[in-house]
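> Dropping the structure in here first, questions after.
The values are calculated or read from the model by the stated rules, or taken from the named source; none is laboratory data. Values in this document were obtained by computation on a predicted structure and should not be read as measured data. Note that each Cβ is placed from the backbone with ideal geometry, even for glycine, and that neighbours are counted across all protein chains shown.
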Amino acid sequence: MMNKKELMTHAKKATAYAYIPYSKFKVGAAILTKDNRVFYGANIENVAYSSTMCAERAAIYHAYMSGVKKKDIHAIAIIADLPDVVAPCGECRQVMSEMLNLDTKVYLGNYKGKIKETTVGKLLPNGFDSLAKKLK
Ligand code: THU
């Protein structure tokens, strides 16, 4: 199983696919499955700004569209060029809390090599999940 540093290197590579004409701010993400497959995501912006897709969600949807299920996912790494590690937006925390297990590892990084390890559940304590649970 690859380590968090190696997965972060993949997240950095994913930034090459960012479409960022408005913010010029690249974000990359990489999902690692338990069977060692990696799925990339990068932020894809839009002139209607709210239609922008963040890197984390792009990676999650990429994995799901390749047949990956939440039980198959080991970790997600997210990176941006910031003084400290990147902090996922609220919308991504909400999506992560439904599409990934709450104990799935989240590695937050920056280009200087700093990596903070957390989990989906820690990033969104007490998240809204009642309807999703009811539908199961
Ligand atoms: N962005 C992400 O892709 N992920 C984050 O965690 C934070 C924000 C993107 C959205 C937008 O394209 C750009 O960063 C500036 O907000």
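> Could you run through the stretch 118-134 and say how many residues are of a type outside the set (Lys, Arg), over 11 Å from the mean Cα position of the chain (by Cα) and either part of a helix (DSSP H, G or I) or within 23 Å of Asn3 (Cβ to Cβ) (or both)?
Of the residues in the stretch 118-134, 7 are of a type outside the set (Lys, Arg), over 11 Å from the mean Cα position of the chain (by Cα) and either part of a helix (DSSP H, G or I) or within 23 Å of Asn3 (Cβ to Cβ) (or both).
> Is it true that Thr33 is more than 18 Å from Val120 (Cα to Cα) and either of a type outside the set (D, E, K, R) or free of Cβ contacts under 8 Å to residues at least 60 places away in the same chain (or both)?
No, not satisfied.
> If you take the residues in the stretch 47-80 that are touching a residue at least 24 places away in the same chain (Cβ under 8 Å), loosely packed, with under 14 Cβ neighbours inside 10 Å and part of a loop (DSSP other than H, G, I, E, B), which one is farthest from the ligand (Cβ to nearest atom)?
Ser66
> Could you check how many residues of the stretch 87-99 are out of contact with any Lys or Arg (no Cβ under 9 Å at 6 or more places or on another chain) and either among the hydroxyl-bearing types (Ser, Thr, Tyr) or away from the ligand (no atom under 14 Å from the Cβ) (or both)?
1
> Related question: From the list Lys24, Lys34, which residue is more than 14 Å from the chain's Cα centre (by Cα), at positive phi and modelled with pLDDT of 95 or more?
It is Lys24.
> Please enumerate the residues belonging to the stretch 100-117 that are under 12 Å from the mean Cα position of the chain (by Cα) and either within 15 Å of the ligand (Cβ to nearest atom) or part of a loop (DSSP other than H, G, I, E, B) (or both).
Listed by number, the residues that qualify are Leu100, Thr104, Val106, Tyr107, Leu108, Gly109.
> Let me ask another. Phe128 passes all but one of (1) without any contact (Cβ under 8 Å) to a residue 40 or more places away in the chain; (2) touching a Ser or Thr at 6+ places or on another chain (Cβ under 7 Å); which number fails?
Status for Phe128: all satisfied but (2).
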